[in-house]
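Student: Below: one structure in structure tokens.
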Amino acid sequence: MARVIDVSSKLGEYMLKGWVLTDRPCPRGCNVPLMRSPSGTTPVVQFCANCDGGPSSVSSRSTRPYVDRTSPSSPSIAPSTHYSRASTPPTEVSSALSSPTFAPPLDTAESLRRRQQSDAASAEIGKRLLKGWAMLADECPNPGCYGIPLVRPPKPDGGKDPRKECVACGTVYVDERDASGWERLVPLEASSASHQGPSSNSTPSGESSGEPLKPQDKGKSVAHDEIPDVPRLSLPPIDGENAHSTMPSPEVRPYETAAKASTAADGYSSLQAPVGALEKALLALCERLVRLSSLPDMLDPASIAQTADAISRVIQALTQVKQLQAATSGLPSHS
């Protein structure tokens, strides 16, 4: 058993050095395959790892290949003697690795935060799905939420609730169509403020509370409601001889002029909410683009392209709203 182990280790040692293990057994009857010198070396030497021990102990006769006496019909000379051809040089065995060891990239603080956020969001989404919530294809537009899908609460009547919530930041979004016809996600508070702002100012405060109207409380509806109330104003009695001098001319209408000025100011102020929302959206998109571009090892070209396209659309919408605001108020636009 010890002899077989020694022969096997010796065969492996010489194979690592480039020697070739042939298919010819030793002609001396030990049945150990012969070893041949590396390709491209001359003279060609063959030896038996069991009988010869090594190539150095082989005599000059060993430079000729062994004759396979078991098959007299086969050629007496090995084909490699006459048909040897140039080949690659023997491989040098080195203890060093041929290629550098693959090392995974180090976890940064941002990648760890995203991983923790994704795990927490997955657990929360699973809980809500069990309660009947629906997971949507929309992702949270908040730059601090990386790829977090929105979820929709269930409705008792089976319809679709317009609210979409992010389980990571807790923001509730709704779909809103802009002037260009594009749908975008906006926070529920901003959407309700933009829709309720003009309507809340449409009720005349003088009729509901009896207090005098303030300039900032006037809206479009208030200005139109005050014009019919002008004839009901009580004027002090005047003398007949001074009637023609004190009565204003019919062409001068101070209340109508004030109403027009109030309407222009109201149009300017009513557009402030969408301008502010668009500016906030533009700032958030720019921060997201900077965040996506600041990680070279985690670049996502698709997300960068979508963010750049969204920035272009927001800039276009902001320019149009500011032009409309300038046209309403008569002031130059600051786009």
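Throughout, read-outs are computed from the coordinates displayed, never taken from laboratory work. Just so you know, these numbers come straight off a predicted model, no measurement behind them. Positions of Cβ are generated from backbone atoms using ideal geometry, with glycine treated the same way; all protein chains shown enter the neighbour counts.
Student: Want the number for S9 to S111: 0.36 nm per residue separation, take away the alpha-carbon distance, what's left? Mind dumping the intermediate values first?
Tutor: Working: separation 102, 0.36 × 102 = 36.72 nm, distance 4.92 nm.
So the chain would gain 31.8 nm between S9 and S111.
Student: Follow-up. Count the net charge of all other residues whose Cβ sits under 10 Å from the Cβ of L150, scoring Lys and Arg as +1 and Asp and Glu as -1.
Tutor: So the surrounding residues net to 0.
Student: Something else about it: Treat the count of other C-beta atoms within 10 Å as a stand-in for reagent exposure and order I148, I315, I125 from fewest to most.
Tutor: Values: I148 22, I315 14, I125 18.
So the residues, fewest neighbours to most, are I315, I125, I148.
Student: Hey, another quick one. Whole angstrom only: what separates the Cα centroid of the range 155-189 from the Cα centroid of the range 277-293?
Tutor: That distance is 19 Å.
Student: Could you compute the FRET efficiency for V174 and L136, with r as their C-beta to C-beta distance and R0 at 22 Å, rounded to 0.05? Write out the running numbers ahead of the final one.
Tutor: Values: r = 12 Å, r/R0 = 0.56.
So the FRET efficiency works out to roughly 0.95.
Student: Taking other Cβ within 10 Å of each residue's Cβ, how do W133, W182, W19 sort, fewest first?
Tutor: On the way: W133 18, W182 13, W19 22.
In order of increasing Cβ crowding within 10 Å: W182, W133, W19.
Student: Can you tell me how the range 109-197 classifies by the Cα gyration tensor, rounded, prolate or oblate, using a/c under 1.5 as the rounded cut? List each step's numbers first, then the result.
Tutor: On the way: a/c = 2.36, a/b = 1.30, b/c = 1.81.
Oblate shape, in that a/c is at least 1.5 and b/c is the bigger or equal ratio.
Student: Which far-off residues, 5 or more places away or on another chain, put their amide H under 5 Å from the one on R24, with H placed in the peptide plane?
Tutor: Here the answer is L34, since their amide H atoms fall under 5 Å of that of R24.
Student: Specify which residue in the list C145, A109, L130 is farthest towards the positive end of the charge dipole of the range 109-197, using unit charges on the beta carbon of Lys, Arg (+1) and Asp, Glu (-1), about the Cα centre.
Tutor: Highest projection toward the positive end goes to L130.
Student: Note down the net charge around L185, summing +1 for each Lys or Arg and -1 for each Asp or Glu among other residues with Cβ under 10 Å from its Cβ. Display every interim value, and only then the final one.
Tutor: Values: positive: K164, R184; negative: D138, E139, D175, E176, E183.
Its environment carries a net charge of -3.
Student: Residue by residue, what Karplus-based ³J(HN,Hα) values in Hz, rounded to whole numbers, does the range 168-174 have, using 6.51, -1.76 and 1.60 with θ = phi - 60° and x for Gly and Pro?
Tutor: 7, 9, x, 7, 9, 10, 9
Student: Sticking with this structure for a sec: Using 23 Å as the Cα-Cα cut-off, could you pick out the over-long pairs in K127/K280; K164/K280; K131/K164?
Tutor: Values: K127/K280 32 Å; K164/K280 20 Å; K131/K164 15 Å.
Distance filter (> 23 Å) returns K127/K280.
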